Structure formats: structure tokens, C-alpha cells
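K.L.:
Below are the C-alpha cells for one structure; questions will follow.
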Amino acid sequence: AGSATRVPPFCAARILDAGAEAGYAYLVSEYVAGRSLLETVSDDGKFAGPQLEALAIGSVTGLAALHQAGLVHGSFGPEHVIMSASGPRIIEFGITGPYGPATPSSDMLAWAQTMVFASMGRPPAAMADLEVLPEPLRQAVADCLVGDPALRPTAKSIVLDLLDDAEPLGGALAAGSRRAALAT
């Protein structure tokens with residue numbers, strides 16, 4: 001629970017309280033107003049260009065913030081990305097560290113699938129589906145879709161690749177958060 005309160009507020013819902021009571025863990029996060037990415041794509045259509053790039057940067061920045069705190073999302077997907085007035089925000093993440101199938105690597109696989117969904121309106125069916133993505137997003141998504149989880153990049157490395165900046169002013173998460181605002 002202590003790790004949850006240390007999640008930096010970059011593109012992720014702020015954690016207001018976390019703990020355990022009567023043997024049950026709980027997490028209280030801020031309410032993030034907006035529609036989910038799933039609803040947005042269903043209602044308004046696919047993302048492309050600068051809006052897609054900002055969505056990608058914002059959502060992977062949110063995952064990087066979770067991973068930096070030692071947590072994983074565990075069920076990341078378009079229903080857990082809220083398109084807020086300040087850009088995409090990750091919601092409903094777990095308060096436990098990596099366990100079983102819930103790992104940073106599995107979050108990155110889910111992120112890649114979510115980016116293809118955002119750009120095509122459906123999950124990826126073949127590697128040829130990645131052709132709709134611009135570079136460097138196409139390569140980042142391809143790297144996260146590899147079968148061997150140990151070969152998938154970290155969320156922070158993807159943030160830096162997409163920002164095309166090894167040392168962004170104020171840090172990678174702050175820079176990712178600033179760029180994410182362009183998704184709205």
C-alpha cells in the first residue's frame with residue numbers, strides 16, 4: 001500500500017489513500033473526468049498523427065510512473081485510459097507489485113495492443129497492422145509485441161524513445177506528461 005501512495009501523478013490517477021482493513025487491501029484514487037479510450041474510439045473513431053503520438057506518450061508515461069513506484073497495472077487496456085481535459089490518464093491500477101502474469105512486461109504488451117486499437121479501432125491481428133503507426137511509435141509497439149517478455153522494453157525507455165530526448169528537462173515523466181496534453 002505504501003508503494004501506491006508513491007506513484008508520481010504523471011498521467012496516472014493520483015492515489016489519495018491506500019492500506020488494509022480487516023484483511024482486505026484498498027486503494028482510493030482521484031476521480032478522473034472524461035471518456036475512456038474505448039468509448040472515445042467507439043464514438044469518434046481512430047486516433048492518428050500528433051493526437052495518436054500524444055496518446056502513446058501519455059499512456060506509457062502513466063505506466064512508467066506505476067512501474068517506477070514498484071507497481072504494475074495488471075489489466076491495462078483502452079477501458080483503463082481516460083481521455084481527460086489534461087490528456088490521457090491511467091486509472092484502476094493495482095496496489096501490489098509484480099506477481100504471476102501481472103508484470104511490467106505484460107503491461108508493455110497490453111500498451112502496444114492498446115496503441116494498435118487506438119489507431120485501427122480493433123486489436124492487432126498481424127504484424128502488418130503496425131503499418132498504420134508512424135515511426136518511432138511503430139518500432140516501439142513492435143518491440144513490445146515480441147513473444148519473449150524478457151526482450152520487451154521498459155515503459156521509461158519507450159517514453160524516452162517517443163520523446164526523442166535522452167535527458168528531457170525536468171525528467172522523462174514530466175516531459176511525457178507535458179506532451180500527453182496534446183492528445184485532447
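K.L.:
State all residues of the range 8-56 that are open to solvent by less than 40 Å² (accessible area, probe 1.4 Å) and closer than 12 Å to V81 by Cα; if no residue qualifies, say none.
P.N.:
Selection gives C11, A12, A13, V32, S36, L37, T40, V41, L55, A56.
K.L.:
Just for the range 77-90: of the residues that are under 11 Å from the mean Cα position of the chain (by Cα) and surrounded by 20 or more Cβ atoms within 10 Å (Cβ to Cβ), which one is nearest to P50 (Cα to Cα)?
P.N.:
Applying the filter and picking the extreme gives P88.
K.L.:
Scan the range 57-71 for residues that are among the hydrophobic types (A, V, I, L, M, F, W, C) and either part of a helix (DSSP H, G or I) or open to solvent by 10 Å² or more (accessible area, probe 1.4 Å) (or both) and jot them down.
P.N.:
I57, V60, L63, A64, A65, L66, A69, listed by residue number.
K.L.:
Tell me whether the range 8-16 contains one or more residues that are of a type in the set (V, I, T) and closer than 26 Å to V116 by Cβ.
P.N.:
Checked the range 8-16: no residue is of a type in the set (V, I, T) and closer than 26 Å to V116 by Cβ.
K.L.:
So is T103 in contact with a strand residue (DSSP E or B) (Cβ under 8 Å, 6 or more places away or on another chain) and either among the polar types (S, T, N, Q) or buried (at least 22 other Cβ atoms within 10 Å of the Cβ) (or both) or not? Explain how you work it out, then say what you get.
P.N.:
Numbers: in contact with a strand residue (DSSP E or B) (Cβ under 8 Å, 6 or more places away or on another chain): no; either among the polar types (S, T, N, Q) or buried (at least 22 other Cβ atoms within 10 Å of the Cβ) (or both): yes.
The answer is no for T103.
K.L.:
Further question on the same structure: Take T96 and decide whether it is polar (S, T, N, Q) and at pLDDT below 95.
P.N.:
Answer is yes for this residue.
K.L.:
Report whether or not V141 is closer than 26 Å to I15 by Cβ and either exposed (fewer than 15 other Cβ atoms within 10 Å of the Cβ) or among the β-branched types (V, I, T) (or both).
P.N.:
On the way: closer than 26 Å to I15 by Cβ: no; either exposed (fewer than 15 other Cβ atoms within 10 Å of the Cβ) or among the β-branched types (V, I, T) (or both): yes.
Judged against the criteria, V141 is not a match.
K.L.:
Hey, any hits in the range 42-65 for a residue that's modelled with pLDDT under 90 and touching a helix residue (DSSP H, G or I) at 6+ places or on another chain (Cβ under 8 Å)?
P.N.:
Within the range 42-65, not a single residue is modelled with pLDDT under 90 and touching a helix residue (DSSP H, G or I) at 6+ places or on another chain (Cβ under 8 Å).
K.L.:
Moving on. For the range 82-164, which helices (runs of 4 or more DSSP H) that fit wholly inside it have 2 or more residues that are more than 17 Å from H67 (Cβ to Cβ)?
P.N.:
Numbers: elements: 104-120, 137-144, 155-163.
Because the criterion is at least 2 residues that are more than 17 Å from H67 (Cβ to Cβ), the helices (runs of 4 or more DSSP H) in the range 82-164 that meet it are 104-120, 137-144.
Matching residues to (1) under 18 Å from R178 (Cα atoms); (2) of a type outside the set (S, T, N, Q):
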| residue | (1), (2) |
| --- | --- |
| P50 | yes, yes |
| S105 | no, no |
| P124 | no, yes |
| A142 | no, yes |
| D148 | no, yes |
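K.L.:
I've got another one for you. So is G74 in a loop (DSSP other than H, G, I, E, B), at positive phi and open to solvent by 40 Å² or more (accessible area, probe 1.4 Å) or not?
P.N.:
So G74 passes the test.
K.L.:
Going by what's in this entry, would D129 be described as without any contact (Cβ under 8 Å) to a residue 40 or more places away in the chain, in contact with a strand residue (DSSP E or B) (Cβ under 9 Å, 6 or more places away or on another chain) and not hydrophobic (A, V, I, L, M, F, W, C)?
P.N.:
no
K.L.:
Filter the range 114-123 for residues that are under 17 Å from the mean Cα position of the chain (by Cα), open to solvent by less than 70 Å² (accessible area, probe 1.4 Å) and of a type outside the set (G, A, S) and give the result.
P.N.:
Across the range 114-123, the qualifying residues are T114, M115, V116, F117.
The values are calculated or read from the model by the stated rules, or taken from the named source; none is laboratory data. Since the structure is predicted, the reported quantities are computational estimates derived from the model, not experimental observations. Using ideal geometry, Cβ is built from the backbone for each residue, glycine included, and neighbour counts are taken over all protein chains shown. We work out accessible area using only protein heavy atoms, side chains counted, and drop any ligands, DNA or RNA first. Shrake-Rupley method; radii C 1.70, N 1.55, O 1.52, S 1.80 Å.
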